[in-house]
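> The following block contains the structure, expressed as structure tokens.
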Amino acid sequence: MVKKLGYLVFTCIIFTAIIVVPGCGKGKENQQANDSGSVQAPVNSDSPSKGDQHTNDEQDLDNEQTEEQQKINDLLESMSLTEKIGQMIFAGISGTTLEPNTKLLINDYKVGGVIFYSENLSDPERTVRLVNQIKSENRNNPLPLLLGIDQEGGRVSRLPGDLAAFPTNEKIGRINRSEFSYEIGALLGRAAAEFGFNLDFAPVLDVNSNPDNPVIGDRSFGSRPEVVSRLGIQTMKGIQSQHTISVIKHFPGHGDTAVDSHLELPKVDKSLEELDKLELIPFREAIESGADVVMIAHILLPKLDAEYPASMSKSIITNLLRNRLRYNGVVVTDDMTMKAITNHFEIGRASVESVKAGSDLILVAHDFQLITSAVQALEEAVEEGEITEERINESVSRIIQLKLNYEIEDKAVEPVNISELNESIKKVLDNEKDRGSKD
């Protein structure tokens with residue numbers, strides 16, 4: 001009964017709420033970039049200009065937001081602790097078919113999101129079939145699933161099939177044109193959506209300030225923070241324009257590391273003042289421009305927190321990101337199965353510390369047992385009073401709001417037309433090549 005009630009409430013919210021939140025994907029389809037780095041929305045010359053009309057509009061908006069929050073609260077009250085904690089887990093799966101453990105994650109652990117890697121994506125047909133099966137399996141749960149993929153362009157491009165190659169961010173940075181970055185972002189968001197995904201772990205907003213960095217490199221738009229900021233924001237907005245959630249990463253900046261966090265915990269010995277002058281610039285400006293989700297890096301910054309990496313640090317997630325940069329959206333960790341974490345912490349304890357620090361979504365991208373360990377540790381932390389259920393509700397509210405903003409549904413998609421996608425990609429690349437030859 002709880003499941004059905006939650007699902008009905010959520011369905012009601014989607015069809016009745018009017019969402020007006022800066023940075024949401026809804027309503028961005030008509031925005032376009034320009035070389036000043038801003039995004040221009042069409043101007044309605046018939047818009048009312050009288051002060052009393054403005055006041056009435058604000059009052060209507062306040063009422064709508066109050067009603068929406070009440071509906072979110074009602075949904076939270078209808079959910080069990082298992083359902084709430086499940087929403088905070090972004091889980092990886094095995095295989096290219098709907099395996100038993102995947103069904104368990106959906107039906108028993110109630111996970112809020114699923115991330116897909118190359119091992120899950122053998123070809124377009126099987127990928128769409130798997131995505132549709134997962135959506136169908138989740139339909140009795142209170143909330144639809146976030147379905148995510150790393151589709152950055154360049155060497156981090158997970159989508160299967162004979163898709164035309166997307167340029168690296170480094171190449172986009174060399175071209176340094178806002179419209180092109182926006183167009184590539186729109187293609188990334190469209191491609192992800194046509195395969196059935198609703199979230200793209202992109203763009204990378206790291207400033208590539210260390211030439212010896214083994215993990216960022218050409219994934220960055222460059223070594224100048226103003227260029228990374230302007231082009232990264234345009235890619236973010238392009239992704240959002242296709243009704244696809246964008247995740248900016250890797251906060252507070254992975255560009256000056258000499259260690260790959262997949263293999264070990266990197267250390268960045270910078271003060272807050274130093275970060276302010278370089279690494280934080282793109283993140284700050286992207287947040288001001290409507291970032292949906294921020295991914296936290298597994299980096300130790302001893303001048304901010306000598307004990308915990310950023311992904312487990314209250315100083316960095318709550319004090320810096322939420323309070324200082326005034327970010328109120330969803331926070332997701334980088335993959336907690338990376339050796340930067342597992343070499344130093346037990347994953348259950350790491351997950352608990354991350355939630356205490358302010359994370360909303362715990363990304364556990366590999367190993368069913370590690371996923372279930374994270375869930376069990378969070379449940380025990382709530383039951384023992386280490387984490388309050390009110391704290392859990394804060395995160396789940398943000399997750400619900402994100403899903404509402406993008407009107408996420410467990411709705412099947414049609415087979416992907418790779419030829420049409422490739423034509424669109426080729427057109428954008430050819431147009432940019434023609435512009436370059438004329439300059």
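The values are calculated or read from the model by the stated rules, or taken from the named source; none is laboratory data. Predicted model, so just to flag it, every value in this text is computed and none were measured. So basically every Cβ, Gly included, is an ideal-geometry build from the backbone, and we count neighbours across all protein chains shown. To get the accessible areas, we keep the full protein, side chains included, count just its heavy atoms, and leave off ligands, DNA and RNA. Shrake-Rupley method; radii C 1.70, N 1.55, O 1.52, S 1.80 Å.
> Any chance you could check the Cα centroid distance between the stretch 352-377 and the stretch 286-312 for me, in angstrom?
Answer, in whole Å: 16.
> Which loop-located GluC sites (Glu not before Pro) does the stretch 346-387 contain, where loop means any DSSP state but H, G, I, E or B and the Cβ has at most 15 other Cβ atoms within 10 Å?
Of the GluC sites (Glu not before Pro), the ones in loops of the stretch 346-387 whose Cβ has at most 15 other Cβ atoms within 10 Å are Glu346, Glu384, Glu386.
> What part of the accessible area of the stretch 234-370, given as a whole %, is carbon or sulfur when the probe is 1.4 angstrom?
46 percent
> Using a 1.4 Å probe on the protein chains only, how many percent of the accessible area of the stretch 147-221 belongs to carbon and sulfur?
Taking all protein chains in place, the stretch 147-221 shows 43 percent carbon and sulfur surface.
> Show me the GluC sites (Glu not before Pro) within the stretch 164-235 that DSSP assigns to loop and that have at most 12 other Cβ atoms within 10 Å of their Cβ.
Passing both the DSSP loop test and the Cβ count: no residue.
> Now for a different question. How much area per residue is accessible in the stretch 60-180 when the probe is 1.4 Å and only protein heavy atoms are counted (Å²)?
39 Å²
> For Ser118 and Glu390, calculate 0.36 nm times their separation in residues minus their Cα-Cα distance, and state this gained length in nm to one decimal.
Going from the current span to full extension adds 94.2 nm.
> Continuing with the same structure: When Lys and Arg each count +1 and Asp and Glu each count -1, what net charge do the other residues less than 14 Å away from Ile418, Cβ to Cβ, add up to?
After counting each charged neighbour, the total is -4.
> Okay, moving on. I need the calculated FRET efficiency for the pair Asn176 and Val413, taking r as the beta carbon distance and R₀ as 45 Å, to the nearest 0.05.
In this case the efficiency is close to 0.85.
> Find how much the distance from Leu104 to Asn422 grows on full extension, using 0.36 nm per residue of separation minus their present alpha carbon separation; answer in nm with one decimal.
Result: 110.8 nm gained on full extension.
> Please find the FRET efficiency linking Leu81 to Asp367, where r is the Cβ-Cβ separation and R0 is fixed at 22 Å, and quote it to the nearest 0.05.
Once the sixth-power term is evaluated, E becomes 0.40.
> Non-local amide H neighbours of Ile89 (under 5 Å, H modeled in plane, Pro and chain starts lacking H): which ones?
So Ile89 has HN proximity to Gly112, Gly113, Ile362.
> Would you pull out the residues with amide H under 5 Å of Ser223's amide H, same chain only if 5 or more places away, H placed 1.01 Å from N?
Asn208
> Could you do me a favour and compute the accessible area per residue for the stretch 200-352, 1.4 Å probe, result in Å²?
Here the per-residue accessible area is 32 Å².
> While we're looking at this one, here's another question. Pulled fully out, how much extra length does the chain show between Thr318 and His262, if you take 0.36 nm times their separation in residues and subtract their Cα-Cα distance?
Full-extension gain reported as 17.7 nm.
> Calculated FRET efficiency, Asp269 and Arg326, Cβ-Cβ r, R0 25 Å, to nearest 0.05?
For Asp269 and Arg326, the calculated efficiency is 0.40.
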